[in-house]
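A short reminder: the numbers here are calculations on the coordinates, not readings from a lab. Everything numeric in this text was worked out from a predicted model, so none of it was measured. Backbone-built Cβ (ideal geometry, glycine too); neighbour counts: all protein chains shown.
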Amino acid sequence: QTYALAAHALHQQLLAPLGELPKRLIFVPSGILGYVPFEVLLTEAPEDPLQFKQLPYLLRQHQVSYNFSAALWQEMKQNKATKARELHLLAPSFSTTPQYASAADYRRDNLGPLQFNTEEVSGIQSIIGGTIWMGTAATKAQFLAIAPQARLLHFATHAKLDDQDEDFSYLAFASTTDSLAAEKLYIRELYAQKIPAELVVLSACETGVGTIQEGEGIISLARGFAYAGAGSIVTSLWAVDDQSTARIMTNFYTYLNQGLSKDEALRQTKLDYLDAAGDQLEAHPFKWAPFIIIGNADVIDLSSGIQNLPLWALLGGLLLLGGAGFLWFRKRSSAKGS
């Protein structure tokens, strides 16, 4: 009930005075509003605030995206990843089994196994293709090697927020050595990277939150990827279980692959989650609202491989294939005649 009252009051204060709104809304939130997914604001006062499946969410009428600032928005819209065709999906493994524990394990943050991250990336690959880096292959070094050539980067992993020093918030990769630096990608490291991906999906906890700096907004992992050159980022505002996340992400890519814009694909994914919720508790916004899209929310071309080869390359390949077939046929005919 407290949520419903606050969500409707915030809508009345921030959006209602603006009158009729366009279908597509882009928010550049200031200060603490950066922690709010505006899709969960209520356009009307609900009769029963506990009927989460039926509440009049802003999501029902509008597709929503976000930006850090007007200047950074323009930079992200001008992202040029047109030559980058590679689609990469990373799902590191995390083990707490004693016999595999190294000296560095005792200095880590008790990152437990993710039961559904491999299922998540496998489901996504079945929709869009791409290369999966799974288990111990999903290392920080591997990510740094593939990032400059990637059109899409999807991370199904752990992330940790350091609310005392945002520079030490990190994205976790597979552990292959005793060095913590080899498995953690800190925000401060992103500022020195060139990551021109058209879309980065941070399917991990709290990658969109951090400390608020005056004039800068929220210093988060998502912001780090934006500064590194990413055109758009899907990020999370709070922790969610990986089973729900896997379901949300699979549906999101299904809609992207159908040609929907990123903001509309995420909107439809959330509406589907609401429709499929088995009860009112499962339909609570806590379950489906944490993921937001920041930056360029336009359509992304996720096709790869042969579909994107230039015409001359396709014709050349057909000629080579035809030539090889002709030579094989002549050789076989000669053998029969002799």
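Cβ-to-Cβ counts within 10 Å put K53, K287, K23 in ascending order as K23, K53, K287, the fewest first. Each residue in H154, H8 was given a count of other beta-carbon atoms within 10 angstrom of its own, and listing them fewest first yields H8, H154. With N as its number of residues, segment 2-66 has a Cα radius of gyration that, divided by 2.2 N^0.38 Å, comes to 1.07.
Among W238, W288, W133, the ranking by other beta carbons within 10 Å of each residue's beta carbon, starting with the fewest, stands as W238, W133, W288. Compute the distance from the alpha-carbon center of segment 207-259 to that of segment 1-62, in whole Å. Their Cα centres are 20 Å away from one another.
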